[in-house]
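For reference, the structure discussed in these notes is given below.
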Amino acid sequence: MAGCLDNVQFNRPEWLELGERRNIIASIGAGAMFFTGWWFILDVAARYPSMNDFHHAYHVCGVMGTLSLFMINAVSNGQIRGESYTTGCMGQRGARAWLFIGFVLGFGSLIASSWILFGAYVIPMKNPQWPGVALFFQNAFIFIGSLLFKFGRTEDLWG
């Protein structure tokens, strides 16, 4: 099931052929997304230092999203498929479980940030609403950066 779209071919424009630059562009894009996500929340923390406007416990969502980014990208696609040279601690099943837990943390932080956005800022019509929006943007950008870093690179260019 992991390779069900591996043989799908489509005509790419010539300007879209990235070749050896694919990993560089994906890494820069993922880093920019991660940086932008944390920049939003740093803006909120600097602008609203009071606990009345932005509760400091909301930072846990971003920390869990960052942990998710590291967990998702800690295992290679070869380890997931079982094609790697070393099996690691628990082999292919352990790599898949690690990846699954990483995705659960990423989705969980995204869901928790949207819960905080609507539960603490939108529904009670609290002013300002920017802290809740920034918290959601932070986790969305971190998760998108994580996906871009995982699936935007190719392992063929590593060797």
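A few notes on this one:
- Here the contact order of the chain, divided by its residue count and restricted to Cα pairs under 8 Å and six or more residues apart, works out to 41 percent.
- Using alpha-carbon coordinates, inclination of helix 22-47 to the longest axis of the chain, degrees: 10
- Exposure proxy shown here: for Leu135, Leu117, Leu42, the number of other Cβ atoms within 10 Å sets the order, fewest to most, as Leu42, Leu117, Leu135.
- Potential lengthening between Ala97 and Ala74 on full extension [0.36 nm per residue; Cα-Cα distance subtracted]: 7.1 nm
- Here the dipole of the stretch 25-153 is about 280 debye; that uses its Cα centre as origin and unit charges on the Cβ of Lys and Arg (positive) and Asp and Glu (negative).
- Whole-angstrom gap from the stretch 55-80 to the stretch 25-39, using each part's C-alpha centre: 14
- Listed candidates [x] 21.0, 76; [y] 18.7, 55; [z] 22.3, 80 - label of the one calculated as Rg and Dmax of the Cα atoms in Å: [y]
- Helices in the chain, meaning DSSP H runs of at least 4 residues, each add -39500 (n - 2.57). Divided by all residues, the mean residue ellipticity at 222 nm is -20000 deg cm²/dmol.
- Principal-axis analysis of the Cα atoms of the chain puts helix 59-72 at an angle of about 0° to the longest axis.
- Considering only Gly108, Gly29, Asn77, the residue lying farthest towards the positive end of the dipole of the chain is Gly108, judged by Cα position with unit charges set on Cβ.
- Selected from Gly132, Gly19, Gly108 as most flexible by GNM, with the chain as the system and alpha-carbon contacts under 10 Å: Gly19
Every read-out reported here was derived from the displayed coordinates using simple, explicitly stated rules and does not represent laboratory data. As the structure is a computational prediction, the values presented were derived from the model and not from experiment. Cβ sites come from the backbone with ideal geometry, for glycine too, and all protein chains shown count toward neighbours.
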